[in-house]
Amino acid sequence: MSVAQGEAGSAQALNRLAGLTELWVVRALLGSSLVSVLLVALVVGVYETGAATTQTVVLIFLYNLLAVLGLQVFTSNSGVVSFGHVAFMGIAAYTTALLSTDPATKATQIPNAPGFIRHAQLAFLPSTLVAVAVTAAVAVPVGFVFARLSGAAAAIVTLSWLLIVQTVLANWDTVTHGTFTFYGIPPSTTVWWGLGWAVAAVFVARLFRESGLGLSLRATSADPLVARAVGVNLGRARLAAWVLSAAMAAVAGVLYAHFITALAPTNFGFDLVFPLLVMVIVGGLSVSGAVVGAASIAFIQEALRRIENSTGHQGVSTTVLAAIFLGMMILRPKGLLGRWELDELLARGTRMLHERRTTHALAGREPAQKGGRADTT
Amino acid sequence: MELLAYTGHEAAQQVVNALSLGSVYALLALGVAAVFSVLGLINFAHGELVTLSGMMMLLLGTHGVPWPVIVPLTILTGGAAAIVMERIAFRPVRGAPAVTLLLTSLGLSIIIQNVFLIAGFGAQSKDIHIPDWSNSTFHVGSVIVQWFDVATVLSTMAALGILTLFLRRSVRGLALRAASEDFTATRMMGIRANSVIMLAFLISGLLAGLAAFFYIGALGQVGYNYGFTPLLKGFVAAVIGGLGSLTGAVLGGFILAALEIFFQVALPTENTPFYEAIVFVIVIFVLLVRPQGVLAGRGIGIERV
């Protein structure tokens, strides 16, 4: 077997590989693997080397990341801002709290709750799954109502939804313990659970983005009329994204509940909405963007919080966060990564590098000169 | 059944309450709608204009400034702050997609709140002492009326009257109305974009200042985060009325107040806390049935240039 034959064979294999990446599933899986590897490396690295406070920060980052990925699935693909995802976190957090807390603790807090709630004591995973299912079930009818709206209407309706849920949580005394803190939730959230769910969420979000539904949803965001003209069912695409993102926000809510171990309705208010939105928007419209946004904002927040504690000035961290956000809106409204995924940027970078080298070889002159690229194409 | 047992004079009492509350909501909604009709911007920082005016009231009040001076200064504070806001934050993003505008105003709102918090105001809300006469009441038959409510309703009517005259009779007012119909065509007619937009923010700010006087005055205290509720009420009322329509905004304010008071009274006592949730559910359904609002304004689901 000659060398030339071997080269031809490997070229063929490369071509086949290139052909495979044309498939959206393969592209999505490769892309999310890359992001996941980086994420796992970052989290494990920081967690294993960090002190106890740093480990707490990592846990906070992980449940925030899940909420951000959930929001990304809806907002970044559809172009519709939602203030209502925190409501789903709240529903899931209370559901898992009610299902997993020790019945004796529940008897003192909510003695008049229905029997199946008072006697329930599920383990962490089943409780999580039930909470996600309940939240998704709530999200379906709500989504039917919301799927048609965008712009200002979506803003007011999702905000209304958040306030409705908050009012119900605060006043359904027999089940949620009303405005009082519901305590005694088992502290089951570990970094491994958080990381596992986060990696799963990265895959789910990326698969959705590349799928037919995700593509059509992104089309509606770019131009609703044109999308409709090519046969996109806007309502269906938005509803699918809405329910999926609610389910992801539900996981975030569950992790939050079992991390903080005591819940009050005020935990799921407008105050929580803003940092999550900042993370989604600052990162960019892609799944990698959401991860980058969540990580960088978490880092900045923690740094600012330490400054805040040492100087005793309350509110500094939020102000700086909002200022960063405002600057971003003015200078780079598409976010750090824009609409690109990390792997897409990587592929683009290597392609450009390759083209430059080819040009260089062909033309025999510096590739920086104008028109250098046009010669080869 | 319970409603039938409701006597005439109790109902009349609630109507008085609804009128007073509705006036404040109408001012807030009008302020939100004035900016939206021209720019397509939902200004989340509108509530902070109310807080800022309220703080001006507090500041002047604690320094013993007489009330006839405090009132105009409170209103002017709102107007001036709105113009500064436009110049610093909204001009750089002018022409950006509606979502960017919305998020910019949200970021601005959060910044201002936290600046209040850091700049010595602290997390505690502070009491404002409004003049005693405003707390005094008089009777019409068996209905108790507070002088403050009378002042609220009358001032709102006066403000609406002046605004209507301005919008209908002056060239600048005409330009503003034209811009809310079609901004591009208005600019082609030789109206400067900056002047129209500044005017919209000025009106919005002055209305916020006036609303602040009655809203904060009725609460009797102000804190760094007191802007959220008035923003929400104004926003919801404007949406009910049809965001692009100024008349609709006023109507929406009164409808919202009537709904709130109705459910506070009509719900059985143990369910009263749910009145806000029910009002929001109604708002959502209003939007679904008539996305353009009760009085057709601009379709608010459609993005503006």
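The values are calculated or read from the model by the stated rules, or taken from the named source; none is laboratory data. Note that the structure is predicted; figures quoted are calculated from it, not measured. Here Cβ is always computed from backbone atoms with ideal geometry, including for glycine, and neighbour counts include all displayed protein chains. In case anyone asks, the SASA skips ligands and DNA or RNA and just uses the protein heavy atoms, side chains included. Shrake-Rupley method; radii C 1.70, N 1.55, O 1.52, S 1.80 Å.
Before moving on, here are some points about what is shown:
- Restricted to Cα atoms, the range A:48-207 shows a radius of gyration and a Dmax of 17.1, 48 angstrom.
- Stokes-Einstein diffusion coefficient of the range B:63-114, Kirkwood radius over Cα pairs, 25 °C, 0.890 mPa s, in µm²/s: 191
- Kirkwood's formula applied to the C-alpha pairs of the range A:245-322 gives a hydrodynamic radius of 13.9 angstrom.
- 222 nm mean residue ellipticity, helices alone, for chain B (DSSP H n ≥ 4; -39,500 (n - 2.57); rounded to 500): -23000 deg cm²/dmol
- Centroid-to-centroid separation of the range A:111-161 and the range B:86-112 [C-alpha atoms, Å]: 32
- Calculated SAXS-style log₁₀ I(q)/I(0) at q = 0.17, 0.22 Å⁻¹ - the range A:195-263, Debye, Cα scatterers: -0.67, -0.90
- Carbon and sulfur %, accessible surface of the range B:135-181 computed with the full protein complex present, 1.4 Å: 66
- Quarter the surface of the alpha carbon convex hull of chain A and you get the mean projected area, 25.3 square nanometres.
- Diffusion coefficient, µm² s⁻¹, Stokes-Einstein with Kirkwood Rh over alpha-carbon pairs of the range B:55-144 at 37 °C and 0.692 mPa s: 200
- Of the DSSP H helices in chain B, those with a Cα length along their own long axis of 18 Å or more and a mean Kyte-Doolittle hydropathy reaching -1.0 comprise B:8-39, B:46-62, B:67-85, B:98-116, B:147-169, B:193-219, B:228-241, B:246-266, B:275-289.
- The value given for the range A:162-221 is a Kirkwood hydrodynamic radius of 15.2 Å, derived from the mean inverse Cα-Cα separation.
- Portion, in percent, of the accessible area of chain A that falls on carbon or sulfur, probe 1.4 Å: 66
- Whole-number accessible area per residue in Å² for chain B, which is evaluated in the context of all protein chains at 1.4 Å: 43
- Dimensions (Å) - the protein assembly as shown, Cα atoms, principal axes, largest first: 110, 74, 54
- Measuring r between the beta carbons of A:Ala347 and A:Val226 and using R0 = 25 Å, the FRET efficiency lands at 0.40.
- The length gained on full extension between B:Arg290 and B:Arg192, counted as 0.36 nm times the residue separation minus their Cα-Cα distance, comes to 31.9 nm.
- Translational diffusion coefficient (Stokes-Einstein; Kirkwood radius from C-alpha pairs) of the range A:3-124 at 37 °C, 0.692 mPa s, in µm²/s: 168
- Percentage, to the nearest whole number, of Cα pairs in chain B over 31 Å apart: 30
- GluC sites (Glu not before Pro), loop per DSSP, at most 16 other Cβ atoms within 10 Å - longest free stretch of chain B: B:3-302
- Using only side-chain charges placed at the Cβ, +1 for Lys and Arg and -1 for Asp and Glu, the dipole size of the protein assembly as shown relative to its Cα centre rounds to 2020 debye.
- Chain pair A, B: total accessible area buried, heavy atoms, 1.4 Å probe, Å²: 3400
- At least 50 Å² accessible surface lost relative to isolated chain, residues of the range B:251-289 (1.4 Å probe): B:Phe274, B:Phe280, B:Ile284, B:Leu287, B:Leu288
- The calculated FRET efficiency for the pair B:Val140 and B:Thr229, based on their C-beta separation and a Förster distance of 41 Å, comes to about 0.90.
- Measuring max minus min along each principal axis, the C-alpha atoms of the range B:211-294 give extents of 37, 34, 18 Å (largest first).
- For the range B:34-79 versus the range B:215-266, the gap between their alpha-carbon centres in whole angstrom: 16
- Legend: helices of chain A (whole DSSP H runs) are marked when their alpha-carbon atoms reach 27 angstrom or more along the helix axis and their mean Kyte-Doolittle hydropathy is at least 1.0; marked are A:24-49, A:52-71, A:124-146, A:151-171, A:191-210, A:234-260.
- Using C-alpha pairs below 8 Å separated by at least 6 residues, the relative contact order for the range A:171-316 is 26 percent.
- Residues of the range A:316-338 whose accessible area (probe 1.4 Å, heavy atoms of protein chains only) drops by at least 50 Å² once all protein chains are present, relative to their chain alone: A:Thr319, A:Leu326, A:Met329, A:Ile330.
- Solvent exposure of chain A amounts to 45 Å² per residue of accessible area, where only protein heavy atoms count and the probe is 1.4 Å.
- Helices in chain A, meaning DSSP H runs of at least 4 residues, each add -39500 (n - 2.57). Divided by all residues, the mean residue ellipticity at 222 nm is -25000 deg cm²/dmol.
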